[in-house]
Amino acid sequence: MPAEEIIQRMSELAEKLLLWQSQYAQGRPTVSDLEYDKVWDDLRQMEEQNPEQRLPWSPTQRVGSDLSHGFPERAHEVPVLSLDKAYAVSELEAWLKKNQGLSSQPLVVVAEQKLDGLSVVLYYENGILERALTRGNGWVGNDVTANIKTIPTVPLKLEPGLRLAVRGEVYLPKSQFSSINARQEEPYANARNLAAGTLRRVKSRETAEVPLHIFCYEAFFLAWPGQTLPSGHLEALAALKTLGFPVNAPIAALSPEGQFTGVQRHSLELLSCRGIPYAELGPLVEDQTRQRPTLDWDIDGLVLKVDALNLREELGATEHHPRWAMAYKFESPQGETKVEEITVQVGRTGRVTPVARVSPVAVGGSTITFVTLHNEGFIEGLELNIGDIVAISRRGDVIPAVERVVEKLTPGTWKFPEFCPSCGSCLRKEGAHAFCPQPDCPDQKRYRLIFFAGKDQMDIENLGPETVDTLISLGLVNDPSDFFTCDYDKLLDVAGFGPKKVELIRAGVEKARKQPFVRVLTALGIPDLGPKLAQLLIEAGLKSYAALREALENRAQELVNLPGVGERTVESLKLGLLKPSVSRLIDKLTQAGLVMEAQAPRGPENTAFAGTVWCVTGSFEKFQPRALAEEEILKRAGRVVSAVSGATTHLLAGSGAGSKLQKAQSLGVRVVSEQAFLTALAQERVPGL
Ligand code: IVH
């Protein structure tokens, strides 16, 4: 088929699909799913065979693609200004009065909801959606066209010859937000932030999976063959609506006495918006404040806009905002402040988190200086840079969150570092987050130690972050087991550490040595292994590290059957608990005398093996899996370690015992056969004694 014919055929199919899509969206489908799918498949096939000829407005673009794309910066055709703000009805009234004074006719002002989403501009050339840009700094935005095309209600193709720029707000309906956010690894503070993250997905297929919506609220008609261009805002909105754009009905059209001209009346009907006198502005604001929680989209105020476009032109704009519009902002526990610095922190798991230091600002009753920025995608979604003015919220009791950039004072977006700020390793991206892959990274180590000693873990009294830092700087602790073995007298040389204080620290450590196994397990800081899961595992009979290890190695599938444990959790446990570094740490903690098994809730105490340290290797006839033998040792108050060392007292060696047997022999550790072990169990005494 010649190229022209291919294009012709593809256009026909695409036109058909777009028509059917819009009929379907209006609740009036005209074809069966089968018929629709057939045409869809035909178009997809033609596009696959002729990728060069694929139409930019093809409905297949709505499902997005797996190809990564960036968000190149592009200049806006008209600067995208922001709105001047008022916080009281009296300010709005003063603004109305001033503008009425400048106008020769009764001034008509349109009141709309101020949508709390992401501002975008859609550019149509010759009737086709050419480009969609974020607001950016007002002059330059990011090209998010591929992702915008996945929003089903955004028209991809209008009438030939139509040149148009449309401003709108992309948002995620509140109802959708709650159900999606429940599945997020790290929940988003609000629908706006999740929408921002989604619009910034580099794979548009991922954007297509989140049901983003858009409301359009400003139109600049540049050319429309055969049509008179709108002369007022209501007319422009009505035209947008007729063209198929989603338009949030304006709340009201205000005029001094509630009077209107014919054209406006026509648009009012089309938009189902009422006309009211200025005097009703107060009740209108009250009414909207009441309605706010019942809406399925977030609004943070109202916008008043002069209707007549010629008057708008006369009024003009300041550098930042037009004089023909004014926003009214609802009161909210929000503060605005400047981002002074952005730093990155490396947590105990290696996750690298950007944090903003802001000029101190009071929000919801307390002063905020640091705010988490979550990850790279979050910062990009906000288009945030150091020096920008941001709005900070604190909803309920939650951690402060950056809601938006209120004023973009520094061009561009802050660049996430490539290297770990603590150890310099090259960062690795896993999902939304960046990780430092170096387990010996000083910051990771520090946070692991602080976490281990922390209140919800081992709760080592009098050993807070500052003391941990001092111990690290003296070279006294390197891993958590050192807390139980190090020489605290060395602290006496440090200013601020008197004998009394050191004694208190030692007492805290001794007390912590007796913490139950569930705390030890949690204190390891294995991702997903919190107190709840640790208790669950223990109750399922995995009462020691050895038992856990055995289960993870040999019957991980059984763990998936535990309530609330999924494949992903088991994977995290495997990854975390089976690491050689963790098993080494367990050995050291065992040798330091910590409680390494969950105490049996009842039954007389059996201490037949007390004071012994066992390593179990090889395979056995009676003890399959091996953990059964380890359980017998633990039941009798013996300890079990995974490697042979000088502190090991017994090696239980089954058939096929290898290097551990050699090591035990070289260290003079008593080697016990399965038969001798069975005898020892029967006699309830330690072999060799
Ligand atoms: S009109 C030149 N109308 O509020 C002014 N803006 O702080 C054109 N917004 O960046 C904007 N709802 O993202 C307008 N109904 C509405 C709006 C609205 C939300 C946003 C928009 C803008 C910000 C101003």
Residue by residue, what Karplus-based ³J(HN,Hα) values in Hz, rounded to whole numbers, does the range 309-323 have, using 6.51, -1.76 and 1.60 with θ = phi - 60° and x for Gly and Pro? 5, 5, 5, 4, 4, 4, 5, x, 9, 7, 5, 9, 9, x, 7
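Give, in nm to one decimal, the length gained when the segment between R167 and R274 is fully stretched (0.36 nm per residue of separation minus the Cα-Cα distance).
This chain segment gains 36.2 nm when fully extended.
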Any cysteine of the chain lacking a neighbouring Cys Cβ under 4.7 Å - listed by number: C216, C273, C426, C486, C615
Counting only residues 5 or more apart in sequence or on a different chain, those whose built amide H sits under 5 Å from that of K114 are D300, G301, L302, V303
Computed FRET efficiency, Cβ-Cβ of E4 and A223, R0 35 Å: what is it to the nearest 0.05? 0.85
For the chain, what is the mean residue ellipticity at 222 nm derived from helices alone (per DSSP H run of n ≥ 4: -39500 (n - 2.57); sum divided by total residues; nearest 500 deg cm²/dmol)? -10500 deg cm²/dmol
Can you list residues from other chains, or at least 5 along the same chain, whose modelled amide H is less than 5 Å from the amide H of I214? Y171
To the nearest 10 degrees, how steep is helix 281-291 against the longest Cα principal axis of the chain, on a 0 to 90 scale? 30 degrees
Assuming R0 = 41 Å, what is the FRET efficiency of N606 and K490, from their Cβ-Cβ distance, to the nearest 0.05? 0.55
In degrees rounded to 10, the 0-90 angle between helix 233-243 Cα long axis and the longest Cα principal axis of the chain is 70 degrees
Determine which lysines satisfy two conditions relative to K429: a Cα distance under 30 Å, and not lying fewer than 8 residues away in the same chain. K149, K174, K203, K338, K408, K415, K445, K532, K574, K579
Spin-label model distance (nm) - Q23 vs E341, 7 Å beyond Cα toward Cβ: 6.3 nm
Residue-wise HN-Hα coupling along the range 663-680, computed from phi with Karplus coefficients 6.51, -1.76, 1.60 (Hz; x: Gly, Pro): 5, 4, 5, 5, 8, x, 6, 5, 9, 10, 7, 4, 4, 5, 5, 4, 5, 4
How about the range 601-689: which GluC sites (Glu not before Pro) there lie in a loop by DSSP and see at most 15 other Cβ atoms within 10 Å? E605, E621, E684
The size of the Cβ-based charge dipole (Lys, Arg +1; Asp, Glu -1) of the chain about the Cα centre, to the nearest 20 debye, is 1980 debye
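To the nearest 0.05, what FRET efficiency results for E503 and F370 with a Förster distance of 35 Å applied to their C-beta separation? List each step's numbers first, then the result.
On the way: r = 34 Å, r/R0 = 0.99.
In this case the efficiency is close to 0.50.
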How many angstrom lie between the Cα centre of the range 220-282 and the Cα centre of the range 620-680? 85 Å
Could you tell me the distance between the Cα centroids of the range 102-165 and the range 26-77, to the nearest Å? 21 Å
What is the distance, in nm, between label points placed 7 Å from the Cα along the Cα-to-Cβ direction at D66 and at S583? 3.6 nm
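If you stretched the chain out fully between L628 and T242, how much longer would it get, using 0.36 nm times the residue separation minus the C-alpha to C-alpha distance?
On the way: separation 386, 0.36 × 386 = 138.96 nm, distance 7.46 nm.
Result for the pair: 131.5 nm of gain on full extension.
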Separation in nanometres of the label points that stand 7 Å from Cα toward Cβ, at N50 and K98: 5.8 nm
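Coordinate-derived values only; no laboratory data. Since this is a predicted model, take the numbers as computed values, not measurements. Every residue, glycine among them, receives a Cβ derived from its backbone with ideal geometry; neighbour counts consider all protein chains shown.
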